[in-house]
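Here's the structure, in structure tokens; my notes come after.
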Amino acid sequence: MDKITYITAIENAIIAITKLDCHTFNREETVEKLTALRNQLIKRNTTKSDKPTKTQRENAEVKARILEYLTHTLQGLRCGEIASELGISGQKCSALLSQMVKAGEVVKREGEKRVTLFLLPENDMTDPANS
């Protein structure tokens, strides 16, 4: 069974209540309140801001610092080295580097002894486009 949204659940409840032949509660007022709630949810969902959150802004700053730090190396750096230099946790550094690799901002390479290194795409000598 597929999951439904809150809006769909409210719409289902409105339909069910309008079909009930029950005098134990005020059906019209209940439908009115549920309809108002449904409209609030729809309005909230359509007016969400595209502005980045505080965390997203902070992460963008850290990513810029990572790129700046990587400009000083041609052989690449390990995640732990980057995290230590920038004063961030290894977990945060790893997550941000993964995002940056997906975005093409950073290249991930396997170094000696299967150590993962990160470097800027223009410094990646294993890329045939840079040869």
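Multiplying the sequence separation of residue 74 and residue 113 by 0.36 nm and subtracting their Cα-Cα distance, what value in nm do you get? Mind dumping the intermediate values first?
Numbers: separation 39, 0.36 × 39 = 14.04 nm, distance 1.82 nm.
Here the answer is 12.2 nm.
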**OP:** Residues in segment 72-114, backbone N under 14 Å from the label point at residue 65 (7 Å along the Cα-to-beta-carbon vector): list them, ranges by number please.
**Re:** 81-94, 96-97
**OP:** List, in order, the whole-Hz ³J(HN,Hα) value for each residue of segment 23-37 obtained from phi through the Karplus relation with A = 6.51, B = -1.76, C = 1.60 and θ = phi - 60°; use x for Gly and Pro.
**Re:** 10, 7, 8, 7, 5, 4, 5, 4, 4, 4, 5, 5, 5, 5, 4
Original post:
So what's the back-of-envelope 222 nm ellipticity for the chain, counting only DSSP H runs of four-plus at -39500 (n - 2.57) apiece and dividing by all residues, rounded to 500?
Top reply: -18000 deg cm²/dmol
**OP:** May I ask which of 51/102; 54/108; 51/92; 3/63 have a Cα-Cα span longer than 26 Å here?
**Re:** 54/108; 3/63
Subject >> Equivalent ellipsoid, segment 6-46 (semi-axes from 5 times Cα gyration tensor eigenvalues, Å) >> reply: 22, 10, 5
**OP:** Quote the relative contact order of the chain in percent (integer), defining contacts as alpha-carbon pairs under 8 Å separated by 6+ residues.
**Re:** 18
**OP:** For segment 54-130, go through all pairs of different Cα atoms, get the mean of 1/r, take its inverse, and jot down that Kirkwood value in Å.
**Re:** 12.6
**OP:** Work from the charge dipole of segment 88-129 (Cβ charges, +1 for Lys and Arg, -1 for Asp and Glu, about the Cα centre) and give the residue of 103, 120, 93 farthest towards its positive end.
**Re:** 93
Subject >> Set of segment 4-19 residues, backbone N closer than 20 Å to the point 7 Å along the Cα-Cβ line of residue 40 >> reply: 5-15, 17
Subject >> For segment 11-17, Karplus couplings with θ = phi - 60° (6.51, -1.76, 1.60), whole Hz, Gly/Pro x >> reply: 4, 4, 5, 4, 4, 5, 5
Original post:
When Lys and Arg each count +1 and Asp and Glu each count -1, what net charge do the other residues less than 12 Å away from residue 96, Cβ to Cβ, add up to?
Top reply: +1
Original post:
To the nearest 10 degrees, how steeply does helix 54-70 sit against the main Cα axis of the chain, on a 0 to 90 scale?
Top reply: 10
**OP:** Starting from the amide H of residue 117, placed 1.01 Å from N in the peptide plane, find each other amide H under 5 Å away whose residue is 5 or more places distant or on another chain.
**Re:** 109, 110, 111
Original post:
For the charge dipole of the chain, defined by +1 on Lys and Arg C-beta atoms and -1 on Asp and Glu C-beta atoms about the Cα centroid, which residue among 37, 83, 17 has the Cα displaced farthest towards the positive pole?
Top reply: 17
Subject >> Virtual spin-label span in nm between residue 125 and residue 23, 7 Å along Cα→Cβ >> reply: 9.0
Original post:
Whose amide H sits under 5 Å from the amide H of residue 106, counting only residues 5 or more places off or on another chain, with H placed in the peptide plane?
Top reply: 101
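Where a number appears in this text, it was derived from the coordinates with a stated rule and is not lab data. Computed from a prediction, not measured in an experiment: that's the story for all the values here. All Cβ positions, even for glycine, are placed from backbone atoms using ideal geometry, and neighbour counts span all protein chains on display.
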